[in-house]
Structures are given as C-alpha cells and as structure tokens.
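Asker: If you scroll down you'll find the structure; I have some questions about it.
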Amino acid sequence: MTIYSQHPNRGKIQILATYEGAAGTTSTTVTSLASSDLAAPIVNALNRISALATIPVSVRDTRDGKIRHYPSEHLVALTDAGARAALLTGTHSLWYEHVKLLLHGALADLDDALAKVPAPVGKAITAELEEEAHELRGELAYYAGKDWPESETRRRWDSTFPFVLFDGGMPDLAGMSREFMDRREEGITAEQRERAIADLRVLATAYLQCHATPGFLESEFEIFHEPDRANDHYLTVNLPQPGDDADVWRVDIGHWVPDEPQDDSFTGHTLLTCACPVPPTVADIVNLLDRSENEPKLLEAWANTPVGTALAGTSFIVTERHTV
C-alpha cells in the first residue's frame with residue numbers, strides 16, 4: 001500500500017516511500033544512494049513487492065459464485081526470508097499461487113539489488129519492508145474488527161483503491177487476468193487444480209528466467225515467442241488444459257502467411273507440434289526460448305524437422321506435422 005520513487009537531492013538519490021496517512025498523502029525518505037543506477041532496481045522491486053502484497057488482500061475470490069477473502073499468508077515472506085519457500089507451494093487458486101510466485105521473484109530481485117549497495121542501505125530497506133508488512137497487517141486487523149493502535153505514521157489501506165503502482169506494468173494483478181485464470185478452474189477437481197498450478201509454476205518460472213522477450217498470455221496459458229529476423233516464424237509453449245487428464249504439454253512452431261498477395265493482414269499457420277507426454281522442465285523451456293532468440297534462423301530450421309526427431313539442441317520431439 002506504498003508507492004516508491006527516487007528523487008535527486010544534494011548530489012544523492014533519495015528513495016521515497018509515499019502512502020496515504022492520517023494527514024493525507026505522505027512521503028518519507030527511506031534511504032539515499034550515490035546513483036540512480038543503484039536506486040532504480042531497488043525502487044522497481046519495492047513497487048512490485050508492494051503491489052503483489054497488497055492486491056490479493058484488496059480483491060475478493062469470486063470463484064464458484066461465492067465471495068471470499070484471499071489468504072494473507074504471503075505477507076510473512078516480506079519480513080521472514082525463511083518463509084519465502086512457501087511462496088512456491090500451495091494450491092489455493094491459479095491466480096493467487098501465480099501472484100505468490102511473482103512475489104518470490106520480486107523479493108529475489110530486491111536481494112540482488114541490495115547486494116550491490118552499502119550495508120546501511122540494506123538495513124534501511126529491510127526496515128521499510130517490515131514497516132510496510134506491519135502496517136498492512138494492522139489495517140487488515142482493523143478491517144476485521146480487531147483493536148489496532150493508531151499511530152501518527154499509520155499507513156491507510158483502501159481495498160477499493162489500493163495505493164500501489166502496478167497499472168500498466170503488472171497485468172498479472174489486473175482483474176482481467178484473475179478472471180481468465182478463474183475461468184480455467186471452472187468444473188475441475190482439487191487434484192486437477194493442484195496439477196494445473198504446478199504446470200503454471202513451471203511455465204511462469206521459465207518465462208521469468210529466459211533471456212528472450214516472449215509474450216506470456218494468461219488467457220491461453222501459453223508463451224508466444226516471435227524472434228526478430230525469424231522470417232515470420234514463431235513458436236508457442238502451451239500448458240495442458242486444466243481438467244484434461246492427459247496432461248500433455250505442447251510446443252507449436254508456426255508461420256505467418258499473408259491473407260492476400262501484397263496484403264498487410266496475416267494469418268498464423270501451425271507447421272508442426274511437439275506433444276510432450278512428460279511435462280518439460282523449466283530448463284527445457286528456457287533453453288528452447290533462448291536458443292530461438294539467440295539464433296533466429298534456427299526457428300525456420302526447426303520448422304522443417306521431421307516427425308520423430310527432436311528440434312535441434314532441445315528435448316522436444318516432433319509428434320505431428322501440419323499441412324498449410
């Protein structure tokens with residue numbers, strides 16, 4: 001429920017925490033750094049952490065036509081590094097478990113950024129996270145009707161308009177993303193949900209770890225990658241459909257074809273499919289994406305791979321070719 005920013009002041013770069021307090025919108029200095037290059041990744045990570053911590057407790061779980069609160073267990077990880085592993089476990093829902101995974105990544109990015117700055121800066125940032133978690137827990141307790149002492153530095157939480165910076169930068173937190181994921185859960189069993197969450201963790205982790213710049217389409221639960229200079233070729237990595245007991249992952253390679261000669265509109269045609277009866281690992285997917293990014297012509301070469309043969313340099317075996 002806090003927005004972080006950097007501000008030059010007397011030759012230093014201040015990191016500011018801005019929140020809604022008793023006196024209205026309030027800004028306080030968290031710490032100062034020698035350069036913007038050091039401050040920027042810290043500010044970025046803090047804003048992601050704030051949004052990922054706040055949004056789940058500000059929206060409602062409306063699956064199955066019911067209205068419930070999302071858990072707040074993820075808040076523990078803000079102040080307890082030992083609790084971070086729990087962010088990678090759980091079976092509550094596709095959306096909530098995805099948010100926990102992203103929070104784990106944001107906290108790891110903050111660790112990386114703090115490793116490059118003086119120890120006093122790290123202590124100040126840690127204290128700020130503790131304050132943020134403390135105040136958010138206090139607001140949740142107050143909302144639940146429990147006593148919580150007022151303080152002059154109280155940060156106010158508004159579930160309708162949470163004071164965080166994510167619009168445009170974190171589509172995973174948007175209502176549309178949550179609704180897409182909720183629809184994927186309709187009619188599935190608890191066991192099928194657990195398997196779908198495990199699959200989503202693999203896909204999302206690969207997306208976060210790869211050095212390529214693919215698109216991650218929550219609505220289709222797929223990674224779409226079209227490298228530059230790939231001669232209009234692209235690939236997709238698709239999760240199994242939740243509720244599909246076959247549990248088959250799929251990698252497709254396709255090609256854009258003009259709808260009409262000299263036309264600006266194109267239609268994608270799938271050239272081949274690699275159906276994976278055994279779920280791929282994160283490393284398998286990262287290797288596939290990074291190789292296609294680093295060697296754009298490789299994607300066109302892969303498109304000519306015969307059935308029964310692996311895409312060169314990968315573990316994905318072609319199971320079907322398609323006629324365009």
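Asker: Give me the net charge for the shell around LYS116: Cβ to Cβ below 13 angstrom, other residues only, Lys and Arg +1, Asp and Glu -1.
Answerer: Taking every other residue near LYS116 into account, the sum is -4.
Asker: To the nearest 10 degrees, how steeply does helix 175-185 sit against the main Cα axis of the chain, on a 0 to 90 scale?
Answerer: Once rounded, one gets 60 degrees.
Asker: Ordered by packing density, taken as the mean number of other Cβ atoms within 10 Å over each peptide's residues, highest first, how do 273-281, 301-309 rank?
Answerer: Details: 273-281: 16.8, 301-309: 14.2.
For the peptides 273-281, 301-309, the packing ranking is 273-281, 301-309.
Asker: Arrange the following residues from fewest to most other Cβ atoms within 10 Å of their Cβ: ASP37, ASP232.
Answerer: Neighbour counts put them in this order, fewest first: ASP37, ASP232.
Asker: If you keep only loop residues by DSSP, which trypsin sites (Lys or Arg not before Pro) in region 47-139 have at most 13 other Cβ atoms within 10 Å of their Cβ?
Answerer: Counting only loop positions with at most 13 other Cβ atoms within 10 Å, the trypsin sites (Lys or Arg not before Pro) in region 47-139 are LYS66, LYS116.
Asker: Excluding THR18 itself, calculate the net charge of residues whose Cβ lies under 15 Å from the Cβ of THR18, where each Lys or Arg counts +1 and each Asp or Glu counts -1.
Answerer: Numbers: positive: ARG154, ARG155, ARG156; negative: GLU20, GLU128, GLU131, GLU132, GLU135, ASP158.
That sum, taken over residues with Cβ under 15 Å, equals -3.
Asker: Oh, and also: Let me know the charge dipole size of the chain about its Cα centre in debye, to the nearest 20, where only the beta-carbon of Lys, Arg (+1) and Asp, Glu (-1) is charged.
Answerer: 980 debye
Asker: While we're on this one: Quick check: net charge around VAL76, other residues with Cβ under 10 Å of its Cβ, Lys/Arg +1 and Asp/Glu -1?
Answerer: So the environment of VAL76 carries a net charge of 0.
Asker: Please state the charge dipole magnitude for region 3-185, taken about the Cα centre, from unit charges on C-beta atoms (+1 on K and R, -1 on D and E), reported in debye and rounded to the nearest 20.
Answerer: Its charge dipole is roughly 120 debye.
Asker: Need the C-alpha centroid separation for region 259-324 versus region 91-106, integer Å.
Answerer: So the two Cα centres are separated by 29 Å.
Asker: Calculated from the structure, Cα extents along the principal axes in Å equals which of (i) 69, 51, 41; (ii) 66, 52, 45; (iii) 79, 47, 38?
Answerer: (i)
Asker: Any chance you could give the angle, 0 to 90 degrees and rounded to 10, that helix 190-209 forms with the longest Cα principal axis of the chain?
Answerer: Roughly 90 degrees, rounded to the nearest 10.
Asker: Dividing the convex hull volume of the Cα atoms of region 211-321 by its residue count, what figure in Å³ per residue is obtained?
Answerer: 116 Å³
Asker: Here is a follow-up. Please name which of ILE317, CYS276, THR25 has its Cα lying farthest along the dipole of the chain towards the positive end, using unit charges on Cβ (Lys, Arg +1; Asp, Glu -1) and the Cα centre as origin.
Answerer: Towards the positive end, the residue furthest out is THR25.
Asker: Calculate I(q)/I(0) for region 48-163 by the Debye formula, one identical point scatterer on each C-alpha and no solvent, and give its log10 at q = 0.13, 0.16, 0.22 Å⁻¹ to two decimals.
Answerer: For the requested q values the scattering log ratios are -0.55, -0.81, -1.35.
Asker: Now, a different point. Order these by the 10 Å Cβ neighbour count, fewest first: SER35, SER93, SER292, SER5.
Answerer: Numbers: SER35 11, SER93 21, SER292 27, SER5 15.
Sorted ascending by nearby Cβ count, the order is SER35, SER5, SER93, SER292.
Bear in mind these aren't lab numbers, they're just calculated from the coordinates by the rules spelled out. In this text the structure is predicted, and so the values were computed from the model without any measurement. All Cβ positions, glycine included, derive from the backbone under ideal geometry; neighbour counts span all protein chains shown.
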